[in-house]
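Read through the structure below, which is laid out as structure tokens, and then see the notes.
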Amino acid sequence: MRLVELSVTNFRSLGDVQGIPIHKQTILTGHNDCGKTATLDAIAFLLGERAIEDSDISDFAATEPVRAALPSKEGGEQRTVTVEGRFVLTPAEKRSLSVRDSLQVRRRHVEGEGSRLEWLTDVPRNPTLRDIPGQKLPELRDLASKLGIRLGKDQPNQKASWVEALEAHAAGTEMVTDWVGAPETVATALPQLLYFKGDAAESPEAVMRSILTAKLREYTLREETRRKISDLEEEFTALLKDDVVRVQKLVEERCALDAFTVDPGVQFRPAVHGLSLTAAAPGQRAVSLTAAGSGRSRRVSLALWEASQELLSEHVEDGVGGVIIAYDEPDTHLDYDHQRRIMEMIKVSAAAAQSTVIVATHSLNLIDGVDIQDIVHLSSRDGRAYVQSLGAEDDDEETRRFMSNMALSLGFRNSVLLHERCFVGVEGPTEYAALPILFKRAFGYPMQSAGIALWNCQGNDGALSFAKFLKEHKRTVVFLVDADTIRDKQKQFNITHLNKQGFTEADCLFLGDPNELEDVFGDNQWADTMNALWPRKDAEQWTAQDVAALRLEGKFSKSLHSTLRQFSEDAPSKKENMVIELARRLRQPDDVPPALVRVFQDAIKMARNAGLTYWPEGG
């Protein structure tokens, strides 16, 4: 079971936040007090790993947006915290829970009444027939009497028998979809949570205890172990039977009651409580980590985090269960090299089939290490948190707007926030508009995610001066230009202009086969786009042969545009628009010309080599 979406109501600053996307690896960013930790704690509450305190409950009235966590007014409506998750299931879980592809589960805390796990499922329209196992034995008998239901001859007069009879009756009544108490099978199938807080780097014991407790609970999901635990629960319930009878009689006598019922439920949930860690440096005796220095504790904690990915990201038996590994400011107390190790560790953990990694951080190293679409940005206004994320279909303009919002929130310029590894200058608006579309189509993610900052040089010396400034400040700068740029003296970025600013031909990536960007696209691609967008006046079809002939008439792009203006009433007014429109029509990665893909790969390699790399042990 894997969490893919989260919604939270009335929990701290998360007044009403709906549809937070949770990917295999998710980075939560934003300024302090914007709801990052609250989001992780909300997940912990959903999974039953933490309780709600009165200070967690918040009210956000429509006319009073300022946060107020005040006691409920006498006679007023009880305040409720709701955390809802949507989970996708493995085939084994679908069979076990008898549900379709996804499952919606929520945990609600009603002030003064406690918390309850619920799931959205098909239930009887009659409310009295819902949550039958959760009712007491006298309630079950009374309900059965009202419905005229009796036990079978072979059924003993006990709770399990009445539950079986009433559920059989309920299955034959009219059903609706609604929220009801979740059965134990749903609670058991929820992912395990391994929650590392930033200050846990100072406490290896806390880290180790969390790892082993999560692993213990994972073992309880095994069929053989579940049977043993169930047998133990039944055995101890039976052992309590005589004690329960004595208590019932005593209360009935002391309180003059006709009947008093006690129906205990026994549940075993293993946890590691006591733990002692020692470490011995080369040539020294072992000492407790509590007596070791903070530096050693931090290194041990980091090593434990790395070990957890192997222990808790393994395949869960029968495809049931899963693990969510949450890090709250994992970069706290760690230098840049160790932060990069954490990023590598996060990627490995998230790659496992049944694992999800969620990280709340300010660290540019961690933010830069994931696809931009895996970042969830949190901001706050008047104490209320808001969520902004980037969808897979967002265009380059939306990507930039999203990045700008993050920059404002964290107090950085866009370039500093993104920590761009490679600045790529292009000659004009055609390349600036078309290349991001083509890059994302080829690789499935935006240029920014690869650490590439594309900027429009607009064919002037001022752009070269800016490029020189970046290079002098130890930034990697290259130019992505048409293949005829160097030899064409009319081009702004010919070799003479580049030399004046300290650049050479080696600082360029060249487009064109043989001359310019338009050349790299195939004849069939151009003919298809022309027929779709710029049909001929005579109603004839453009053919690949028509396009091929234009390549023999001097500069291809100029000949193509002139031909379109001559024979099509819908011809683009500017030559620059041709490539942009063609790029938008491409659908598959293979549609991007190989020559262009190779140029992109060169840019990615430059960005990777220019940026931060994984720091190996002993390196």
Yes/no for LEU366 being modelled with pLDDT of 70 or more and surrounded by fewer than 22 Cβ atoms within 10 Å (Cβ to Cβ):
no
Pick out the one residue from ASP382, ASP331 that is out of contact with any Phe, Trp or Tyr (no Cβ under 7 Å at 6 or more places or on another chain), among the charged types (D, E, K, R) and at pLDDT 70 or above.
ASP382
Out of the range 221-276, which residues are within 30 Å of PRO204 (Cα to Cα), outside any helix (DSSP H, G or I) and not small (Gly, Ala, Ser)?
LEU221, ARG222, GLN267, PHE268, ARG269, PRO270, VAL272, HIS273, LEU275
In the set GLU84, GLU53, which member is in contact with a Leu (Cβ under 9 Å, 6 or more places away or on another chain), modelled with pLDDT of 80 or more and not β-branched (Val, Ile, Thr)?
GLU84
What residue, among those in the range 128-187 that are in contact (Cβ under 8 Å) with a residue 40 or more places away in the chain and basic (Lys, Arg), is farthest from THR237 (Cα to Cα)?
ARG130
Condition (residue is closer than 27 Å to LEU46 by Cα, among the basic types (Lys, Arg) and in contact with a Ser or Thr (Cβ under 7 Å, 6 or more places away or on another chain)) applied to the range 207-220: is it met by at least one residue?
no
If you take the residues in the range 462-480 that are over 14 Å from LEU498 (Cα atoms) and basic (Lys, Arg), which one is modelled with the highest pLDDT?
ARG475
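Table: residues versus (1) within 20 Å of GLY30 (Cα to Cα); (2) among the small types (Gly, Ala, Ser); (3) at pLDDT 75 or above.
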residue: ASP335; (1), (2), (3): no, no, no
residue: ARG341; (1), (2), (3): no, no, no
residue: GLU344; (1), (2), (3): no, no, no
residue: SER349; (1), (2), (3): no, yes, no
residue: THR361; (1), (2), (3): yes, no, yes
Spot the failing condition for GLY459; the list is (1) farther than 24 Å from LYS605 by Cβ; (2) modelled with pLDDT of 75 or more, and only one is missed.
(2)
Residue satisfying all of: in the range 568-588; more than 32 Å from the chain's Cα centre (by Cα) and among the small types (Gly, Ala, Ser); modelled with the lowest pLDDT among these:
SER573
Among what's in the range 264-279 and is modelled with pLDDT of 75 or more and either assigned by TED's automatic domain parsing to the domain that holds GLU184 or farther than 23 Å from SER210 by Cβ (or both), pick the residue that is surrounded by the most Cβ atoms within 10 Å (Cβ to Cβ).
VAL266
Looking at the range 78-93, which of the residues that are crowded, with 17+ Cβ neighbours inside 10 Å and in a strand (DSSP E or B) is farthest from the chain's Cα centre (by Cα)?
VAL81
Might you check whether a residue that is among the hydroxyl-bearing types (Ser, Thr, Tyr) and more than 25 Å from PHE479 (Cα to Cα) occurs anywhere in the range 597-615?
yes
Taking SER96 as the residue in question, decide whether it is in contact with a His (Cβ under 6 Å, 6 or more places away or on another chain), in the same structural domain as SER58 (by TED's automatic domain parsing) and not in a loop (DSSP other than H, G, I, E, B).
no
Only one residue in GLU569, GLU581 is touching a Ser or Thr at 6+ places or on another chain (Cβ under 7 Å) and surrounded by fewer than 17 Cβ atoms within 10 Å (Cβ to Cβ). Which one?
GLU581
Restricted to the range 589-614, and to residues that are closer than 14 Å to SER449 by Cα and surrounded by fewer than 16 Cβ atoms within 10 Å (Cβ to Cβ), which residue is modelled with the lowest pLDDT?
ARG608
Expected output for the range 495-506 (first residue among the β-branched types (Val, Ile, Thr), partner at pLDDT below 80, Cβ below 7 Å, 6+ apart or cross-chain) is ILE495/ILE486; THR504/LEU498
Looking at MET530, is it surrounded by 14 or more Cβ atoms within 10 Å (Cβ to Cβ), at pLDDT 95 or above and in a helix (DSSP H, G or I)?
yes
Considering only the range 7-58, state which residues are under 16 Å from ARG79 (Cα atoms), of a type in the set (Val, Ile, Thr) and not in a strand (DSSP E or B).
ILE52
Could you run through the range 105-151 and say how many residues are among the acidic types (Asp, Glu), surrounded by fewer than 18 Cβ atoms within 10 Å (Cβ to Cβ) and not in a helix (DSSP H, G or I)?
4
List the pairs whose first member sits in the range 559-573 and is more than 20 Å from GLU516 (Cα to Cα) and not assigned by TED's automatic domain parsing to the domain that holds ASP546, whose second member is among the aromatic types (Phe, Trp, Tyr) and surrounded by 17 or more Cβ atoms within 10 Å (Cβ to Cβ), and whose Cβ atoms are under 9 Å apart, counting only residues at least 6 apart or on separate chains?
none
Across the range 547-558, what is the total count of residues that are assigned to a helix (DSSP H, G or I), under 48 Å from the mean Cα position of the chain (by Cα) and surrounded by fewer than 19 Cβ atoms within 10 Å (Cβ to Cβ)?
2
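The values are calculated or read from the model by the stated rules, or taken from the named source; none is laboratory data. Everything quoted here is computed from the prediction, not taken from an experiment. We place every Cβ from the backbone using ideal geometry, glycine too, and count neighbours over all the protein chains shown.
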